[in-house]
Amino acid sequence: MARNVSVQTKTGFTILAWAVALLLFSPILWTIVTAFKTEAEAIAAPPTFLPLTFTLDNFFDVQDRSDYIKHAWNSILVSVGSTLLGLVIAIPAAWSMAFAPTKRTKDILMWMLSTKMMPAVGVLIPIYLIFRDLRLLDTVHGLTIIMTLINLPIIIWMLYTYFKEIPVDILEAARMDGAELWNEIVHVLVPMAIPGIASTLLLNVILAWNEAFWTITLTSGRAGTLTAFISSFSSPQGLFLAKLSAASLLAIAPILLLGWFSQKQLVRGLTFGAVK
Amino acid sequence: MGSITLEHVNKSFGEVEIIPDISLEIKDGEFVVFVGPSGCGKSTLLRLIAGLEDTSSGHIKLDGEDVTGAPPARRGLAMVFQSYALYPHMSVRDNIAFPLKMAKTPQAIIDQKVDYAARTLNLGSYLDRRPRALSGGQRQRVAIGRAIVREPKAFLFDEPLSNLDAALRVNMRLEITELHQQLKTTMIYVTHDQVEAMTMADRIVVLNAGNVEQFGSPLELYKKPANRFVAGFIGSPKMNFVDGPEAEKHKAHAIGVRPEHFTLSTTAGAGQWAGTVNVAEQLGSDTFLHVEVEGLGLMTVRTDGDQTFSHGDKVYLTPDANRIYRFDAAGLAL
């Protein structure tokens, strides 16, 4: 539908949109500039916007005191590992629900989703005890397992929606062409669902990366990820604003970059099938 | 070889019985068409043969071997779908090669067979394109190519021409018939279009509500329909039916006359039934008249295209006495 919009209205809305965006972004922007200031300048009153003396010392201090690299590596292992493990379980699950549904399929989907509505604290004690008994506390693989489990409902739901868009005829054609189940999934279903699988993968890497509750409760020194890193950093170093800013920046930078570069893919994936 | 035998095949979806009990014998090399109105179970029957649906009871045999429980991949049949069902992420070449790759055929033989199929179906210059860059007719050819490379025991076609425009449909119809003459492989073809059925089939299975109404050659169905349903379904335009006293004169519950079996006259009184032209459909070669016959209702009459008629013209019809079909109260032919 075409509408006549005056130049003034357009300008007005553009300014408003920029103002809102800047307002939302301002804490992050402040963190970024503060990370490059000296401690003295960071708490100076009146505050400066751009650093008077540009320094990278804060980043080196953070690495020295808390071993950023180790935590970042743990974050990568847990977020990527849990997403890949989740996909391996979710692809067959979503296949069966999309292409061989039973009377209970809808109920199972709702039930899976309902587990996401329960507050995590509700299962904290049992999970903690299970992890203790299985010696999974403060291990990367233990954290990967719990992250897979908490994100599995979302992965299955997303894949299920994408798979529903794939005409069943094509899978049947593969069966007629002599493809057994494994070949049908690997050679036909997965390549056709690549955009959907890619956006599921991205979204779940981000979710797992940002997860804080379980990482903080189930890890201490060895298996801590960046969320544990930043929380452990904030209390003892809380007064050192510049170092805290540098630590925060380091913690969010990788995922911010990933999101930035994949935003097109993410949006395409999230609206996949919305318009036929 | 590719003979297909169905023995008391039954298919129900929950409480709903789609196919009550069908037994059929399809000979090797035969072109059999399943025809019937929508919802008659013809596609379900094809899918049962393909193995895409499980039978509720009964047996399906290929060359005498029971394949009732076998998955589609193990039956050695090829299917062409209404939607073409090409793999959109593969080139035409890879689409055609897919069944051979699944059968772990050596690459050299795959190339040879794909090239042969492409030549047979005039697809040579499209081999490296993706399906979305092809027209409907070309896509259907790729689907057929994918079916022929694996040299199946039989081909199954599920309304393959429904998505094509009228002119292309006639072309593809001929191509499929030629392909059958060339390959001499068993083909089962599902359609709701009785013209396709009549022109392509060696034998036709007329289905209605999951039951086989008649199984015979096209001319057998046209000349000796087993019942009123087949009589009405086969032939275009449809057969005219008359009940009541007029039928009783022929010692039947109902009689049927095909539109082409009338003698038409415009001379007053020169015919058995008098009527008024309602609509005249002029095709050039023929004219179809929809005539309101006094006391008997609307009838379709086929006449040559040279005479012109208009709404309200008086006409007199005489059915060909040797070609009046008689039916009993249950609709069976007498």
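Return the equivalent ellipsoid semi-axes of region B:237-327 as a descending list in whole Å, where each equals the square root of 5 times an eigenvalue of the C-alpha gyration tensor.
Taking √(5λ) for each eigenvalue gives 22, 14, 11 Å, largest first.
Stretched out fully, how many nm does the piece from B:Arg129 to B:Ala270 gain, at 0.36 nm a residue minus the Cα gap?
44.3 nm
Quick one: plug the Kirkwood hydrodynamic radius of region A:133-276 (C-alpha pairs) into Stokes-Einstein at 10 °C, 1.306 mPa s, and report D in µm²/s.
88
For the peptides A:39-48, B:19-28, B:202-211, what is the packing order when you average, over each peptide's residues, the other Cβ atoms within 10 Å and list the highest mean first?
B:202-211, B:19-28, A:39-48
Obtain the radius of gyration and the Kirkwood radius of chain B from its C-alpha atoms and give Rg over Rh.
My calculation puts Rg/Rh at 1.06.
Given R₀ = 30 Å, what would the calculated FRET efficiency be for A:Ala93 paired with A:Ala253, taking r from the Cβ atoms and rounding to 0.05?
The calculated FRET efficiency here is 0.35.
Give the percent of DSSP beta bridges with both residues in region B:4-232 that are antiparallel, rounded to the nearest 5.
50
Hey, what number do you get for chain B at 222 nm if only DSSP H runs of n ≥ 4 count, each worth -39500 (n - 2.57), divided across all residues, to the nearest 500?
It lands at -7500 deg cm²/dmol.
Starting from the 7 Å offset along Cα-to-Cβ, what nm value, one decimal, do you get for the label separation of A:Trp18 and A:Thr48?
With each label point 7 Å from Cα toward Cβ, the separation is 2.7 nm.
Using only Cα positions of region A:1-131, each an equal point scatterer, no hydration layer, compute I(q)/I(0) via Debye at q = 0.20 Å⁻¹ and quote the log10 values to two decimals.
The calculated log intensity ratios at q = 0.20 Å⁻¹ are -1.19.
With Rg and the Kirkwood Rh both taken from Cα atoms, where does Rg over Rh land for chain A? Show your work: numbers first, answer last.
On the way: Rg = 23.3 Å, Rh = 22.0 Å.
Ratio of gyration radius to Kirkwood radius for chain A: 1.06.
Provide the percentage of antiparallel DSSP beta bridges, counting only those with both residues in the protein assembly as shown; round to the nearest 5.
So the antiparallel bridges amount to about 75 percent of the total.
In units of 2.2 N^0.38 Å, what is the alpha-carbon radius of gyration of the protein assembly as shown?
Values: Rg = 35.9 Å, N = 610, 2.2 N^0.38 = 25.2 Å.
My calculation over the Cα atoms of the protein assembly as shown gives 1.43.
So what's region B:168-209 giving for Rg/Rh, alpha carbon basis, Kirkwood Rh from the mean inverse pair distance?
In region B:168-209, Rg relative to Rh is 0.97.
List the extent of the Cα atoms of region A:7-57 along each of their three principal axes, largest first, rounded to whole Å.
Taking max minus min along each principal axis of the Cα atoms, region A:7-57 gives 47, 20, 15 Å.
Can you compute 3J(HN,Hα) from phi for each residue in region A:207-217, using the Karplus curve 6.51 cos²θ - 1.76 cosθ + 1.60 with θ = phi - 60°, rounded to whole Hz and x for Gly and Pro?
For region A:207-217, the Karplus curve yields 4, 5, 4, 8, 5, 10, 4, 6, 5, 6, 6 Hz.
Taking K and R as +1 and D and E as -1, what net charge do the other residues with C-beta under 14 Å from the C-beta of A:Ser75 add up to?
0
Could you work out, residue by residue across A:187-199, how many beta carbons of other chains sit within 10 Å of that residue's beta carbon, and then give the average as an integer?
2
Can you check how the C-alpha radius of gyration of region B:77-145 compares to 2.2 N^0.38 Å, as a plain ratio?
So the Cα radius of gyration is 1.01 times the expected 2.2 N^0.38 Å.
Quote the FRET efficiency, to the nearest 0.05, computed for A:Val267 versus B:Arg74 with a Förster distance R0 of 45 Å and r equal to the Cβ-Cβ distance.
That pair, A:Val267 with B:Arg74, gives E of 0.55.
Could you order peptides B:223-234, B:247-258, B:121-132 by the average number of other Cβ atoms within 10 Å of their residues, highest first?
Order by mean packing, descending: B:223-234, B:247-258, B:121-132.
Only the coordinates and a few stated rules stand behind these numbers; no lab work does. Everything quoted here is computed from the prediction, not taken from an experiment. As a convention, Cβ positions derive from the backbone with ideal geometry for all residues, glycine included, and neighbour counts pool all protein chains shown.
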